[in-house]
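J.: I have a structure I would like to understand better, so I am pasting it below and will then ask my questions one at a time.
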Amino acid sequence: MTLVADAGSFAELPCPARRSGPDGPLGWAGYDAARARAAERTGEEESVVCGTADVGGTRAVLIAFEFGFLGGSLGERTGDRLEAAYAHAREHRLPVVPLTATGGSRMQEGMLALSQLQRVARQSALTRAAGLAQIAVVRDPTTGGGWATLGAGADVVLALPGAQVGFAGSRVRPADADPAAYTAESQVAVGSADAVVDPAELKEVLGSWLRLLTGGPAGRRGTRDAGDRPVAPAPVPAALGAAGLPVTGWDAVRRARDGERPRAQAYLDAYFARRRDIGGDRCGGTDPGGMRCGFGERDGRTVAYAAQTGAATRPAGYRTAARLIRLADRLGIPVLTLVDTPGAANDAEAERQGAGAAIAEVFAAVAAAGVPVTTLVIGEGGSGGALALAAPGNTWATPDSYFSVIAPELAAAILKRPTAEVEATAEQLRIRPQDLVELGVIRGVVQPPDHPRGAISPPPPG
């Protein structure tokens, strides 16, 4: 607990009544003696200690595994404690932080131990449905069912450097298995965990995440704020690039493709006081070069963001964005999306990775969101790969952007036009920001803050 809890803030939760029976539910000879030795060695009566504590000023339910107690394994008594901890979190509207270090289910209790994973999954699902965040810290080792429920099933997964993390423990995996695949670093690389965090920085990072996902120490829960008012949309960012509108369609394309134009990184830095990225799609992929997703603080409240970076967006990027939007919706956090891509990645590998299904996930997440989504087109808006992130009725554009059914070059190719007609095709497509306003595709053009006509034209209603 001292790894993350503020000094003097931890209070252990009452332990459920102990289950009786000599040598456990299977009558496993010597099991009582093994538990007694583990208790003497660790000073604990079970493999988990559950309680509440402040982490960087935010109250949370902590579930700390003691690996020295029978390898941090899960048995019936462990399940009792976990169930009680999750119930307490829901009753008191607190986020849950599992600090895992476990080898999995307890052999001496057989299938009764394995079935505790179903109890954990049920409690996690109820807590998720209640709109409460779950942030896991995976320590060394975290394997088996503990990883597959408390660890990988959390909303955000932080891992300690060099920790063994994976479903298969070292004694049960194939002899020729690459050990590097079963590490915290590998789980981050394949999108199953969000970040590797040094122990010295863990309290600060975890506290930051808790503040972002709960609205701070006071905590705003659900899709409505403390005054039972609908969640306010994220403010539209100010433009960071040129102010003047493009003269022609091709002029709009050239300006959007200008290598000096501000990209997502600049917009996120200017918009947020502080922020944290999530990493990966939880399906084996990441797209750091095409999509940035996470949560940040803007004017004292949390805003979620999914930002395209100007490159072709890969399937893992879309799935990460969909994951972000669904999580923000569940926690009652407004969403900002930044559109900037020539289009979805269209190579053979992207198709094998399920490009169409991944884009469909984002369309569905935006369409189903109960929280408001605000969109700003900051560069290229290429086809459905860009439109998937755009909020219907609340999309804006900067003067150095365009939005098109497809890139003008590809439109000309589809229409069997010669290369010489690409510029004329761009004009016919009416892709300039001012054209998009006139067509009703976007609400307005966002200008730099010092623009003489104001930052947004036309101004948002109300």
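J.: Just checking, does the stretch 329-337 include any residue being in contact (Cβ under 8 Å) with a residue 24 or more places away in the chain, among the hydroxyl-bearing types (S, T, Y), assigned to a loop (DSSP other than H, G, I, E, B) and buried (at least 19 other Cβ atoms within 10 Å of the Cβ)?
T.: no
J.: For the stretch 36-57, enumerate the residues that are in a loop (DSSP other than H, G, I, E, B) and either in contact (Cβ under 8 Å) with a residue 12 or more places away in the chain or buried (at least 18 other Cβ atoms within 10 Å of the Cβ) (or both).
T.: Within the stretch 36-57, E44, E45, E46, S47, G56, G57 meet the criteria.
J.: From the list G296, G370, G284, G317, exactly one residue is part of a helix (DSSP H, G or I) and either in contact (Cβ under 8 Å) with a residue 24 or more places away in the chain or surrounded by fewer than 23 Cβ atoms within 10 Å (Cβ to Cβ) (or both). Which is it?
T.: Step by step, each of G296, G370, G284, G317 is checked, and only G317 is part of a helix (DSSP H, G or I) and either in contact (Cβ under 8 Å) with a residue 24 or more places away in the chain or surrounded by fewer than 23 Cβ atoms within 10 Å (Cβ to Cβ) (or both).
J.: Restricting to the stretch 89-110, and then to whatever is aliphatic (A, V, I, L, M) and within 17 Å of A136 (Cα to Cα), can you tell me which residue is surrounded by the fewest Cβ atoms within 10 Å (Cβ to Cβ)?
T.: From the stretch 89-110, those aliphatic (A, V, I, L, M) are 89, 94, 96-97, 99, 101, 107; that's our starting set.
Now drop any that are not within 17 Å of A136 (Cα to Cα), which leaves 89, 94, 96-97, 99, 101.
Details: A89: 26, L94: 23, V96: 27, V97: 27, L99: 25, A101: 25.
The selected residue is L94.
Residues checked against (1) among the hydrophobic types (A, V, I, L, M, F, W, C); (2) in the same structural domain as G296 (by TED's automatic domain parsing); (3) in contact (Cβ under 8 Å) with a residue 24 or more places away in the chain:
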position	(1), (2), (3)
R119	no, no, yes
L126	yes, no, yes
P141	no, no, yes
A154	yes, no, yes
V157	yes, no, yes
S170	no, no, yes
A175	yes, no, no
A184	yes, no, yes
E204	no, no, yes
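J.: Kindly list the number of the only condition in (1) of a type in the set (A, V, I, L, M, F, W, C); (2) closer than 19 Å to A264 by Cβ; (3) surrounded by fewer than 24 Cβ atoms within 10 Å (Cβ to Cβ) that fails for I325.
T.: Only one criterion is unmet by I325, namely (3).
J.: Across the stretch 64-87, what is the number of residues that are part of a helix (DSSP H, G or I) and closer than 19 Å to A5 by Cα?
T.: As a first pass, look at the stretch 64-87 and keep what is part of a helix (DSSP H, G or I): 70-72, 76-87.
Subset that is closer than 19 Å to A5 by Cα: 82, 85-86.
Residues meeting the conditions: 3.
J.: While we're on this one: If we scan the stretch 410-418, do we find a residue that is of a type in the set (A, V, I, L, M), out of contact with any helix residue (DSSP H, G or I) (no Cβ under 6 Å at 6 or more places or on another chain) and buried (at least 21 other Cβ atoms within 10 Å of the Cβ)?
T.: If we filter the stretch 410-418 for residues that are of a type in the set (A, V, I, L, M), which is where we start, we get 410-415.
From the residues that got through so far, the ones that are out of contact with any helix residue (DSSP H, G or I) (no Cβ under 6 Å at 6 or more places or on another chain) too are 410, 413-415.
Narrowing the set further to residues that are buried (at least 21 other Cβ atoms within 10 Å of the Cβ) leaves none.
For the stretch 410-418, residues of a type in the set (A, V, I, L, M), out of contact with any helix residue (DSSP H, G or I) (no Cβ under 6 Å at 6 or more places or on another chain) and buried (at least 21 other Cβ atoms within 10 Å of the Cβ): absent.
J.: Do you know which residues across the stretch 262-286 are under 27 Å from A148 (Cα atoms) and small (G, A, S)?
T.: Listed by number, the residues that qualify are G279, G280, G284, G285.
J.: Condition check: touching a strand residue (DSSP E or B) at 6+ places or on another chain (Cβ under 8 Å) and surrounded by fewer than 20 Cβ atoms within 10 Å (Cβ to Cβ). Does A270 satisfy that? Show your work before the answer.
T.: On the way: touching a strand residue (DSSP E or B) at 6+ places or on another chain (Cβ under 8 Å): no; surrounded by fewer than 20 Cβ atoms within 10 Å (Cβ to Cβ): yes.
Taking the combined requirement at face value, the residue does not satisfy it.
J.: Would you confirm whether or not the stretch 88-108 contains a residue that is modelled with pLDDT of 95 or more, part of a helix (DSSP H, G or I), within 20 Å of G153 (Cβ to Cβ) and out of contact with any strand residue (DSSP E or B) (no Cβ under 7 Å at 6 or more places or on another chain)?
T.: yes
J.: Now for a different question. Would you confirm, using the coordinates I've provided, whether A350 is free of Cβ contacts under 8 Å to residues at least 60 places away in the same chain and either assigned by TED's automatic domain parsing to the domain that holds L132 or among the hydrophobic types (A, V, I, L, M, F, W, C) (or both)?
T.: yes
J.: Can you name every residue in the stretch 58-81 that is over 21 Å from S115 (Cβ atoms), buried (at least 18 other Cβ atoms within 10 Å of the Cβ), of a type outside the set (D, E, K, R) and touching a helix residue (DSSP H, G or I) at 6+ places or on another chain (Cβ under 7 Å)?
T.: Answer for the stretch 58-81, where residues must be over 21 Å from S115 (Cβ atoms), buried (at least 18 other Cβ atoms within 10 Å of the Cβ), of a type outside the set (D, E, K, R) and touching a helix residue (DSSP H, G or I) at 6+ places or on another chain (Cβ under 7 Å): T58, A60, V61.
J.: Follow-up. Can you tell me which of (1) loosely packed, with under 15 Cβ neighbours inside 10 Å; (2) in contact (Cβ under 8 Å) with a residue 12 or more places away in the chain; (3) of a type outside the set (S, T, Y) is the one W28 doesn't meet?
T.: (1)
J.: Sticking with this one: Exactly one condition in (1) within 13 Å of E109 (Cβ to Cβ); (2) touching a residue at least 24 places away in the same chain (Cβ under 8 Å); (3) not in a helix (DSSP H, G or I) is not met by G21; state its number.
T.: With respect to (1) within 13 Å of E109 (Cβ to Cβ); (2) touching a residue at least 24 places away in the same chain (Cβ under 8 Å); (3) not in a helix (DSSP H, G or I), G21 is out only on (2).
J.: Turning to a different aspect of this structure: Across the stretch 386-430, which residue is farthest from Y305 (Cα to Cα) among those that are modelled with pLDDT under 95 and touching a Phe, Trp or Tyr at 6+ places or on another chain (Cβ under 6 Å)?
T.: Taking the candidates together, the pick is E423.
J.: Going by the conditions given, is A360 surrounded by fewer than 18 Cβ atoms within 10 Å (Cβ to Cβ), without any contact (Cβ under 8 Å) to a residue 40 or more places away in the chain and within 15 Å of G317 (Cβ to Cβ)? Explain how you work it out, then say what you get.
T.: Values: surrounded by fewer than 18 Cβ atoms within 10 Å (Cβ to Cβ): yes; without any contact (Cβ under 8 Å) to a residue 40 or more places away in the chain: yes; within 15 Å of G317 (Cβ to Cβ): yes.
So A360 passes the test.
J.: Would you confirm, using the coordinates I've provided, whether T395 is without any contact (Cβ under 8 Å) to a residue 40 or more places away in the chain, of a type outside the set (K, R), crowded, with 24+ Cβ neighbours inside 10 Å and closer than 19 Å to A328 by Cα?
T.: Criteria not met by T395.
J.: Scan the stretch 419-439 for residues that are hydrophobic (A, V, I, L, M, F, W, C) and surrounded by fewer than 24 Cβ atoms within 10 Å (Cβ to Cβ) and jot them down.
T.: The answer is A420, V422, A424, L429, V437, L439.
J.: Of the residues A84, A148, which single one is among the small types (G, A, S), under 23 Å from Y31 (Cβ atoms) and surrounded by fewer than 23 Cβ atoms within 10 Å (Cβ to Cβ)? Show your work before the answer.
T.: Details: A148 fails: under 23 Å from Y31 (Cβ atoms).
Residue meeting the stated conditions: A84.
The values are calculated or read from the model by the stated rules, or taken from the named source; none is laboratory data. Predicted model, so just to flag it, every value in this text is computed and none were measured. For neighbour counting, all protein chains shown are included, and Cβ atoms are generated from backbone atoms with ideal geometry for every residue, glycine included.
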